Amino acid sequence: MDSQKEALQRIISTLANKSDEIQNFIDTLNHTLKGVQENSSNILSELDEEFDSLYSILDDVKESMISTIKQEQVRKSQELQSQLSQCNNALENSEELLEFATRSLDIKEPEEFSKVNKTKSKRTDKSKTQF
């Protein structure tokens, strides 16, 4: 029976040692898990801060681009409005000149036709300079 007790004592000792080893391994795993969680949390926080910074920069660039586009739109619109106005004036003058020239064809007297022709030349020159 003594040999059985000794064998049982060795088994108990081995089990106790293995339990200690397992507990140490569990402690190591818990410590590693806690480190992974803390590191992940820190990295996520840093990532959020970095993206917030990038979003802020992108938002500033966006606002600058929007402002530039709007200013360019205003400038181009004003230029096109000016050109449109000039073209409308030129068209109106051209229509008046056409009407005047058409009426001139109905003049029978040479002196009056010559007088009207000089007036027409002045109007033609004026119309050319406006466009």
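The values are calculated or read from the model by the stated rules, or taken from the named source; none is laboratory data. Remember, predicted model here, so these are calculated numbers, not experimental data. Quick reminder, even Gly has a Cβ in these numbers, built from the backbone with ideal geometry, and neighbours come from all protein chains shown. Accessible surface is based on the protein model in full, side chains and every heavy atom, while ligands, DNA and RNA are left aside. Shrake-Rupley method; radii C 1.70, N 1.55, O 1.52, S 1.80 Å.
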Residue in segment 74-131 that is modelled with the lowest pLDDT, counting only those that are open to solvent by less than 100 Å² (accessible area, probe 1.4 Å) and of a type in the set (A, V, I, L, M): V116
Selection status of S3, on the phi < 0 side of the Ramachandran plot, surrounded by fewer than 10 Cβ atoms within 10 Å (Cβ to Cβ) and in a helix (DSSP H, G or I): yes
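Matching residues to (1) of a type outside the set (D, E); (2) open to solvent by 100 Å² or more (accessible area, probe 1.4 Å); (3) at pLDDT 95 or above; (4) out of contact with any Pro (no Cβ under 7 Å at 6 or more places or on another chain):
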residue	(1), (2), (3), (4)
I12	yes, no, yes, yes
N17	yes, no, yes, yes
I22	yes, yes, yes, yes
D27	no, no, yes, yes
V36	yes, no, yes, yes
S45	yes, no, yes, yes
Condition check for L84: among the aliphatic types (A, V, I, L, M) and either in contact with a helix residue (DSSP H, G or I) (Cβ under 7 Å, 6 or more places away or on another chain) or not in a helix (DSSP H, G or I) (or both): no
